[in-house]
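The values are calculated or read from the model by the stated rules, or taken from the named source; none is laboratory data. Model, not experiment: these values are computed from the prediction. Counting neighbours? That spans all protein chains shown, and the Cβs are built from the backbone with ideal geometry, glycine included. Surface areas here come from the heavy atoms of the whole protein model, side chains and all, with no ligands, DNA or RNA. Shrake-Rupley method; radii C 1.70, N 1.55, O 1.52, S 1.80 Å.
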Amino acid sequence: MDIVDAQVHFNRFGTVEAGIAAMDAVGVNALLYDEYWSFDEHSRILPGYELPNGAMRHVFPLAEAAALKHPERFAYLVRFDRRDPDLEALISTIRTMPQRKALRVVPWTPEGFSQFGEGADDPVFAAAQKYAVPVFVLLPGQTRLLHRYLHRFPDVPVIVDHCGVPLLPGRLHDDQLSGFGEVLALAQYPNVSLKWTHAPRLSSGAYPYPDVLEMLLRVVDAFGPQRVMWGSDHTQSSDHHSWAESLYYIRDTAQLSNEDKSWILGQSLRTVLQWPAPRQEPGVSSLIR
């Protein structure tokens with residue numbers, strides 16, 4: 001099975017070699033690299049530098065280098081400040097630069113969420129629609145803010161990050177309390193997918209997280225497996241569960257068909273990003289994981 005992780009801050013492994021060794025140990029064929037070093041004093045994601053107008057120009061040197069050297073293992077996403085004077089030109093580079101596949105919008109601060117809800121990211125979505133760029137959006141517990149964008153920009157492939165809910169355990173018995181009521185309502189939009197990252201944090205129990213799996217089955221029923229994509233965000237979730245645990249409760253369950261698993265664990269992400277799996281060379285056996 002072609003297993004592709006939809007989010008890893010891969011630079012936090014330290015070296016590319018160490019990260020690839022960890023991927024191989026778990027059975028991850030490829031991943032979407034989200035380069036994140038830290039936050040600056042203004043809660044802006046690094047690496048990057050400030051422009052004269054105060055906008056942050058984000059850069060992705062390690063992700064770009066890894067993807068160029070190992071295109072069969074890595075693609076990467078980018079983030080751009082909506083105030084950047086070259087916003088449209090920057091977004092136009094996505095899909096044209098090797099392995100640069102998507103954009104990520106992270107409002108992050110209360111002010112950022114408020115501005116997002118008021119439509120401040122319209123220029124981002126307008127450019128994404130113009131250049132057919134997928135947009136990942138982090139809105140934990142605030143996915144209702146997406147509706148205005150989905151109505152205005154119906155051709156943008158939108159991926160909701162981290163299950164779309166606050167990552168708090170013991171709430172899965174109540175859709176309103178957990179936030180999944182609002183998330184499941186997004187299934188009405190055919191351009192919306194859900195990224196199933198950090199899900200084990202929602203469980204009231206231990207591996208293999210039966211309550212989380214039950215919710216995943218409901219999500220798959222609502223969205224279809226073609227619009228659900230697994231991710232680990234391993235470097236940020238390892239305080240709670242291992243990379244293997246984030247994957248194997250899905251890979252090894254009998255409650256999903258092999259076809260559904262194939263979509264959730266890799267094919268959904270590859271389809272949205274237009275990132276085909278490497279062609280198998282004749283006479284070379286596939287790596288079984």
Considering only residues that are crowded, with 19+ Cβ neighbours inside 10 Å and of a type in the set (Gly, Ala, Ser), which ones fall in segment 27-47?
Ala30
Looking across segment 111-151 at residues that are outside any helix (DSSP H, G or I) and of a type in the set (A, V, I, L, M, F, W, C), the single one that is most open to solvent (accessible area, probe 1.4 Å) is Ala132
Return yes or no: is Ala75 touching a Pro at 6+ places or on another chain (Cβ under 7 Å), crowded, with 17+ Cβ neighbours inside 10 Å and within 30 Å of Asn29 (Cα to Cα)?
no
Across segment 9-68, which residue is nearest to Arg83 (Cα to Cα) among those that are in contact with a Phe, Trp or Tyr (Cβ under 8 Å, 6 or more places away or on another chain), in a loop (DSSP other than H, G, I, E, B) and modelled with pLDDT of 95 or more?
Val59
In segment 245-260, which residues are over 17 Å from the mean Cα position of the chain (by Cα) and not β-branched (Val, Ile, Thr)?
Glu245, Tyr248, Tyr249, Arg251, Asp252, Ala254, Gln255, Leu256, Ser257, Asn258, Glu259, Asp260
Can you find even one residue in segment 94-101 that is hydroxyl-bearing (Ser, Thr, Tyr), open to solvent by 60 Å² or more (accessible area, probe 1.4 Å) and within 21 Å of the chain's Cα centre (by Cα)?
yes
What residue, of Pro85, Pro107, is touching a Phe, Trp or Tyr at 6+ places or on another chain (Cβ under 9 Å) and more than 30 Å from His70 (Cβ to Cβ)?
Pro107
Any residue in segment 265-284 that is over 17 Å from the mean Cα position of the chain (by Cα), modelled with pLDDT of 95 or more and closer than 29 Å to Gly14 by Cβ?
yes
